[in-house]
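Worksheet: one structure, shown below.
Only the coordinates and a few stated rules stand behind these numbers; no lab work does. None of the values given here were measured: they were computed from a predicted structure. Cβ placement follows ideal geometry from the backbone for every residue including glycine, while neighbour counts extend to all protein chains displayed.
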Amino acid sequence: MSLSPFEVSSQTFVAEEEQSLEALDASRAIEGRSPLRLAMARLRTDRMAWIAAAMIVLMALLAIVAPLVSTLTGHSPYNPDLVNGTNSFGQPYGPGEGGFILGTDNVGRDILVRVAYGARISLLVGVLATLLATVGGTVLGLVSGYFGGWIDALLARLMDAVLSFPYVLAAIVLAAVFGGSLPLTIGVIAFFSWAAIGRIVRGQTLSQKEKEYVEAARSIGAGSFRIMFVDILPNLVAPVIVLGTLLVPVAIVFEATLDYLGVGVGPPTPTWGNMLADDQGSAGFAAWWFWVIPSIALLITTLGFNLLGDSVRDALDPRTERLFATRRKSAVAGPAAGEPISGEVAAP
Amino acid sequence: MADLAPPPISPAASGPLLQVENVVKHFPIKRGIFFKRQIGKVQAVEGVSLEVRRGETVGLVGETGCGKSTLARCITRLHPLTSGRVVFDGVDISRLSAGQLRPHRRRMQMIFQDPFGSLNPRRRVGSIIGDPLAIHGIADGAERKRRVQELMEVVGLNPEHYNRFPSEFSGGQRQRIGVARALALRPSLIVCDEPVSALDVSVQAQIINLLEDLQGEFALTYVFIAHDLAVVEHVSDRVAVMYLGKIVEMADTAELFGSPHHPYTVALLSASMVADPEKARSSQRVVLHGDVPSPINPPSGCRFHTRCPKAQPLCSVEEPPLTVQAGDPPGHLTACHFPVAPGERLVGAAPEIKAAVAGFAAASPAMGEEGKG
């Protein structure tokens, strides 16, 4: 069915009117909705955000129930089991063979159980490293931008230095010196990630501190600490949330990279990175499930966080709101397109 | 209203509330990435002295860029001074550290020009107005909320809107929020930095009436900055006219508007609109030629001599002091070598300018508007 330009524009008009009525209702309420709550409301109407959230929840559930999976299947994530885990020729089981849903690896360990345990490490590292990097980057960016002068010069150069550092080499050296471990991995990832956030927070702070509300805060006697964290920080929440969400998948891939290179958490702890590394030599491409399955797990997780980050940015950034609203409203207005226009105008 | 009791009278209560003595504010202009060197300075305020008595309203007028707002920020110590003193209620606050300054901030507040920029968009109105109470540890929790709602009522806002965001209010309502914030600490002095110039005319009147009511109710002293002469004439007891960082004339409002002496004041007054068309036609307009000179490199001698219709060689050499002219009441100060006598007609360069503009407009009608600007 084709619409004339007139019909299309009137549909949009109706949609906009509905929206403005919504806005009116919101302002009638005594308590104003905070920008974050408005963004959450927008996010809830975004189908892609739901898909992304589902992917993340799926992996999180897998991580939570990992011990249960191990108990139910009776397979340990750590111990090689060449007796039950391989067939009569000593070959690993493929997916669905011998009671192993996702098959076994070259030493007979259940890949399902190992992927589930790997999800714990990936999510833990991804979220913790991101939290550390976000908090550190935000605080240092705020301090740098707000105080300026030599503090800013020092911190800004430090951010440049961190961003230009060959982080894989640094991680290899650190792992060689201290031995790979979970805290070290988280620390390394956080250390090489905070500068990206710090730089953006610094830039935003530089523009925010020139606003008159900062002057107003100073005129009522607010100290620097209060101005930074009570007045300026709430205005930086949107970019920080977006950056933080988009940093999680980067941290997860970073962790997988370090583990693949053998300088991360390290065996026997199952991680997606060392699963990829362990299995590549002996089996190669014949036993495809060795590397395809951890890769898919990695893909679902990172894709989920990336898509969610995009949706969060759409929901938080007022500039994309219009575009976003039309996309959403055209979907809403679609089925009603055939109805007479007068009826629709009368409806609200 | 019991909590909004008058502030404690300080020992120096007899003297003027605010003394501004020779305040100078220069902003350095720096060049270079690593080794910044100063290549010049903007002389925003150049030796201003001013006295504000308790309970009065002192108006400060001048063109954009003449240093009014900088002076306001020097008075409230939002800018450090280059030199000079600001004595507030007997205490020199111009050299105090941020911590030493805090107790004085309670008694000296500011209302800002931009009702949009001066309220934090991400914070609720209740916490914006309650901030001064929180910072100075005056009230907490339910008590703070009660006080904030009381303040909202005082300035004519619905106290139920406590939890809204600034974006949900109109410009006039936002300025009321700004007034409530300035009022929260029960200050003696409020510096109003063009509080109504960003508002619609009908709303301007409301805010000005509010400020006048509050002055009576809370015994406030105002320093009122504006470029709208009608507003200043209406609210002020005394008016100071600023040009390029200096006060050129200062007098009681009726005196200044009735018999201005400085050529700049005369030009400024003649430029303001008169609501009566008959009067407007008969009144003489003084059109100044040229732009305001740059405060980076101000003219020698009297700073106004480059544009003054009465300028003489002396004016470019010697700076006229701000003094009482012969035959004036003691409060009327003028900084001019050749003050305008009552009834004197200032013609200056006006006819040439008018002719030039008219000729230009006739030659290219499309460019006419720009030519005038």
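For A:Val230, A:Val173, B:Val231, what's the fewest-to-most ordering of other Cβ within 10 Å of each Cβ? Spell out each step's value before the answer.
Details: A:Val230 18, A:Val173 11, B:Val231 22.
The order, fewest Cβ neighbours first, is A:Val173, A:Val230, B:Val231.
Under the rule of at least 5 residues apart or a separate chain, name every residue whose amide H is placed under 5 Å from the amide H of B:Val191.
When sequence neighbours closer than 5 places are left aside, the close amide H contacts are B:Gln109, B:Met110, B:Ile111, B:Val223.
Within 10 Å of each residue's Cβ, count the other Cβ atoms and sort A:Thr302, A:Thr205 from fewest upward.
If I rank by nearby Cβ atoms, fewest first, I get A:Thr302, A:Thr205.
How do A:Glu255, B:Glu51 rank when sorted from fewest to most other Cβ atoms within 10 Å of their own Cβ?
B:Glu51, A:Glu255
If you wrap a convex hull around the Cα atoms of segment B:51-169, how much volume per residue is inside, in Å³?
Dividing the Cα hull volume of segment B:51-169 by its residue count gives 152 Å³.
In whole Hz, what ³J(HN,Hα) sequence does segment A:109-118 give by Karplus (6.51, -1.76, 1.60; θ = phi - 60°), x for Gly and Pro?
8, 5, 5, 4, 5, 5, 5, 5, 5, x
How much FRET efficiency would the formula 1/(1 + (r/R0)^6) give for B:Thr64 and A:Leu163, where r is the Cβ-Cβ distance and R0 is 35 Å, rounded to 0.05?
According to the calculation, E is roughly 0.25.
Kindly state, to the nearest 0.05, the FRET efficiency for B:Asp291 paired with A:Met48, given R0 = 35 Å and r defined as their beta-carbon distance.
Numbers: r = 55 Å, r/R0 = 1.57.
The value I calculate is 0.05.
Estimate the FRET efficiency between B:Arg37 and B:Phe338 by the formula 1/(1 + (r/R0)^6), using the beta-carbon distance for r and 35 Å for R0, to the nearest 0.05.
0.30
Short version: ³J(HN,Hα) in whole Hz for each residue of segment B:314-321, in order, from phi by Karplus 6.51 cos²θ - 1.76 cosθ + 1.60 (θ = phi - 60°), x for Gly and Pro, what are they?
Values, residue by residue: 4, 4, 7, 9, 10, 7, x, x Hz.
Pop out the ³J(HN,Hα) list for segment A:156-164 in order, Karplus 6.51 cos²θ - 1.76 cosθ + 1.60 with θ = phi - 60°, rounded to Hz; leave Gly and Pro as x.
Running phi through 6.51 cos²θ - 1.76 cosθ + 1.60 with θ = phi - 60° gives 5, 5, 4, 4, 4, 4, 4, 5, 9 Hz.
State to the nearest 20 debye the size of the charge dipole of segment B:22-95 about its Cα centre, where the only charges are +1 on K and R beta carbons and -1 on D and E beta carbons.
It comes to approximately 520 debye.
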